[in-house]
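The values are calculated or read from the model by the stated rules, or taken from the named source; none is laboratory data. None of these values were measured; they are calculated from a predicted model. We place every Cβ from the backbone using ideal geometry, glycine too, and count neighbours over all the protein chains shown.
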Amino acid sequence: MPTAPLVVDAFSEAHIPEMLDWFSSLEALVQWGGPGLSFPLETAQLEAMLAGTKATKPERWMFAGVVDGRLAGHAQVALDWPNGVGRLARVAINPRMRGQGLAQPFLGEVTRRFFADPAFERLELNVYTFNEAAIRTYLSLGFREEGVRRSSVKVGDARWDTALYGLLRREWTDRTTLSQ
């Protein structure tokens with residue numbers, strides 16, 4: 001475990017330089033950000049994502065997990081305001097800080113903040129089925145698998161399956177009420 005507490009805050013331009021070397025291959029970048037990004041990750045790609053956080057009703061929220069002043073985690077929630085749905089996406093833990101138990105408390109706080117907004121009823125996510133560590137974390141937060149999109153992404157010569165997980169407000173509320 002880290003010696004200092006994890007602090008969750010809004011991801012900002014100041015965090016971008018710390019994140020640029022987190023993904024050492026196209027496969028690692030696609031696993032984090034999907035097939036629409038180009039390798040290597042560049043400042044302009046993260047700045048474009050940040051631009052989506054600026055409106056009164058932003059298209060996404062971006063979060064930073066910080067330990068001892070260093071960026072330890074990143075996550076985004078894409079927002080579907082008309083339907084009250086968010087999609088947890090682009091979740092990563094700093095490769096130099098993995099194995100310290102940061103993902104579960106970081107994503108727990110992101111989830112808590114998401115459901116603190118009464119406009120939202122559902123939080124969902126897509127995860128590649130081989131990402132067992134991420135799936136364990138999502139299950140520990142109460143997400144349920146809802147299906148698998150087989151052969152949904154092509155990365156090089158490989159085809160990857162994507163699982164859909166969802167969590168409803170009442171499930172989150174029931175879970176957090178029981179743990180108090």
Considering only segment 116-180, give the strands (runs of 3 or more DSSP E) lying wholly within it that have at least 2 residues that are touching a strand residue (DSSP E or B) at 6+ places or on another chain (Cβ under 6 Å) and at positive phi.
144-155
Tabulated pairs, segment 157-180, first charged (D, E, K, R), second assigned to a helix (DSSP H, G or I) and at pLDDT 95 or above, C-beta under 6 angstrom, 6+ apart or interchain:
Arg169/Phe115
If you take the residues in segment 40-62 that are of a type outside the set (A, V, I, L, M, F, W, C) and surrounded by 13 or more Cβ atoms within 10 Å (Cβ to Cβ), which one is nearest to Val127 (Cα to Cα)?
Arg60
Any residue that is under 21 Å from Gly34 (Cβ atoms) and assigned to a helix (DSSP H, G or I) - is there at least one of those in segment 90-100?
yes
Filter segment 139-180 for residues that are more than 22 Å from Asn83 (Cα to Cα) and polar (S, T, N, Q); the one that is surrounded by the most Cβ atoms within 10 Å (Cβ to Cβ) is Thr162
Candidates Leu26, Leu123, Leu37 - the one that is surrounded by 14 or more Cβ atoms within 10 Å (Cβ to Cβ), modelled with pLDDT under 95 and touching a Leu at 6+ places or on another chain (Cβ under 6 Å):
Leu37
